[in-house]
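FYI, it's all coordinate maths here, none of it is from the lab. What you see is a predicted model, and the numbers here were worked out from it, not measured in a lab. Reconstructed Cβ throughout: ideal geometry from the backbone, glycine too, with neighbour counts over all protein chains shown.
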Amino acid sequence: MKRFDYLAPNNLGEALEMLAQRPEAAPLAGGTNVLVQIKEGHRSETALLSLKRLSDLNHISHGDEPPHGLVIGAAVTMKRIAADPWIRQRYAALATAAGLIGSVQTRNMATVGGNLCNASPSADTAPPLLAFGAQAVLVSLRGERIIPLNDFFTGPGSTLLQADELLKELVVPAPAIGTGSAYVRHIPRAVMDISVVGVAAAVTLKDDKSIRHARIALGAVAPTPIRAWAAEDLLTGQIPADSLFAEAGQAAAREAKPVDDVRASVAYRCHLVNILTQDALRQAIMNVKYQDER
Ligand SMILES: Cc1cc2nc3c(=O)[nH]c(=O)nc-3n(C[C@H](O)[C@H](O)[C@H](O)COP(=O)(O)OP(=O)(O)OC[C@H]3O[C@@H](n4cnc5c(N)ncnc54)[C@H](O)[C@@H]3O)c2cc1C
């Protein structure tokens with residue numbers, strides 16, 4: 001492994017100063033992507049900026065009041081997200097995704113910010129956060145900017161982040177009463193593999209049990225995680241039924257733009273999008289009752 005400088009700021013202000021002086025430094029959160037990439041020779045950083053001591057990036061806060069229901073610091077680990085009772089109840093899709101990542105050891109280190117900033121199309125926390133309409137708060141010495149997560153990803157491995165910016169936190173709106181969510185993914189092995197396809201659904205039902213709105217997000221089927229807008233539109237105002245979910249699954253599969261690679265063909269990925277979208281919708285609706293037990 002090549003030598004690099006290790007920068008260890010004590011707070012966010014110090015971190016931003018250091019990053020402004022050394023914009024070539026890569027932020028180091030859990031290191032489960034960046035250290036592996038350096039070790040394997042895919043990156044050659046001359047400096048890493050540790051986020052470990054930045055309390056501003058390490059918090060979870062929540063409330064039902066607008067404008068937000070949940071704020072998660074970028075350096076919060078998958079273990080904390082998966083175990084948080086509030087997230088498990090109201091943002092089940094996110095807790096599920098965090099709990100599926102890697103192994104216990106990986107989840108103890110891996111952070112949500114690292115998962116998003118690494119910008120793999122298969123990042124497991126991206127589809128649930130997209131389905132919940134999350135916003136990303138980016139910070140630099142120039143100030144803060146808030147970006148819909150939908151606009152954050154610009155391609156495989158690339159985001160809107162500038163060299164002197166950090167992802168500070170994710171702001172996730174409170175789900176409306178009557179909302180349930182779910183995340184399902186397919187991997188070839190039982191655990192410890194990257195998603196071939198991941199699908200998140202967040203569905204809000206009206207009192208008459210028709211669908212007020214549904215949000216569906218897909219991972220690993222396009223250069224970035226994407227929303228399945230046409231499938232969402234098709235569900236609005238309808239009464240949940242298997243035939244409706246089958247139509248939504250087909251619509252989502254048409255919106256997917258996967259590539260053939262060593263892990264799956266285009267046809268197989270589209271088939272998975274169809275099936276997993278139906279599963280995610282069914283599970284999300286089953287979770288509505290659970291979510292309303294507040
Ligand atoms: C064994 C193993 C299994 C894995 N399994 C999965 C899996 O099932 N699903 C999955 O999605 N991923 C998986 N991963 C990938 C990885 O664990 C996740 O993407 C993880 O969330 C990355 O977080 P991290 O804190 O380790 O990021 P790091 O490696 O520290 O950083 C990743 C990238 O983001 C940048 N970065 C980090 N934080 C910030 C910030 N706040 N602001 C700006 N830039 C930042 C870094 O500079 C780097 O470019 C696995 C990895 C391993 C090693």
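Compactness ratio for the chain: Cα radius of gyration over 2.2 N^0.38 Å (N = residue count) comes to 0.99. Relative to the longest principal axis of the Cα atoms of the chain, the long axis of helix 242-255 lies at roughly 40 degrees. Taking the Cα atoms only, what angle lies between the long axis of helix 266-292 and the longest principal axis of the chain, rounded to 10 degrees? Once rounded, one gets 80 degrees. Using R0 = 45 Å, the C-beta based FRET efficiency linking Ser210 and Ala20 works out to 0.30.
Are there GluC sites (Glu not before Pro) in the range 7-50 that DSSP marks as loop and that have at most 13 other Cβ atoms within 10 Å, and which are they?
Counting only loop positions with at most 13 other Cβ atoms within 10 Å, the GluC sites (Glu not before Pro) in the range 7-50 are Glu24, Glu40.
With both bridge residues required to lie in the range 1-151, what share of the DSSP beta bridges run antiparallel, to the nearest 5%? Taking every DSSP beta bridge with both residues in the range 1-151, the antiparallel ones total about 60 percent. Converting phi to 3J(HN,Hα) with the Karplus coefficients 6.51, -1.76 and 1.60 and the offset θ = phi - 60°, the range 127-138 yields x, x, 5, 5, 5, 8, x, 5, 10, 9, 9, 9 Hz in sequence order, with x at every glycine or proline. Can you work out the base-10 log of I(q)/I(0) for the range 179-292 at q = 0.15, 0.17 1/Å, using the Debye formula on its C-alpha atoms alone? Values returned for q = 0.15, 0.17 Å⁻¹ are -0.59, -0.73. Among the trypsin sites (Lys or Arg not before Pro) found in the range 142-179, those both in a DSSP coil and sparsely packed, with 12 or fewer other Cβ atoms within 10 Å of their Cβ, are Arg142. Both radii were evaluated on the Cα set of the range 51-134; the Rg over Rh quotient, with Rh as the Kirkwood radius, amounts to 0.94. Contact order, relative form, for the chain: 16 percent (alpha carbon pairs under 8 Å, 6 or more residues apart, mean separation divided by residue count).
Modelled this way, with points 7 Å down the Cα-to-C-beta line, the labels at Glu144 and His62 are 2.0 nm from one another. Stretched out straight at 0.36 nm per residue, the stretch from Met286 to Ser243 would grow longer than its current Cα-Cα span by 13.8 nm. Evaluated at q = 0.17, 0.33 Å⁻¹, the base-10 log of the normalised Debye intensity for the range 5-49, with identical point scatterers placed on the Cα atoms, takes the values -0.46, -1.20.
If you take the beta carbon distance between Val191 and Met1 as r and set R0 to 35 Å, what does 1/(1 + (r/R0)^6) give as a FRET efficiency, to the nearest 0.05?
0.80
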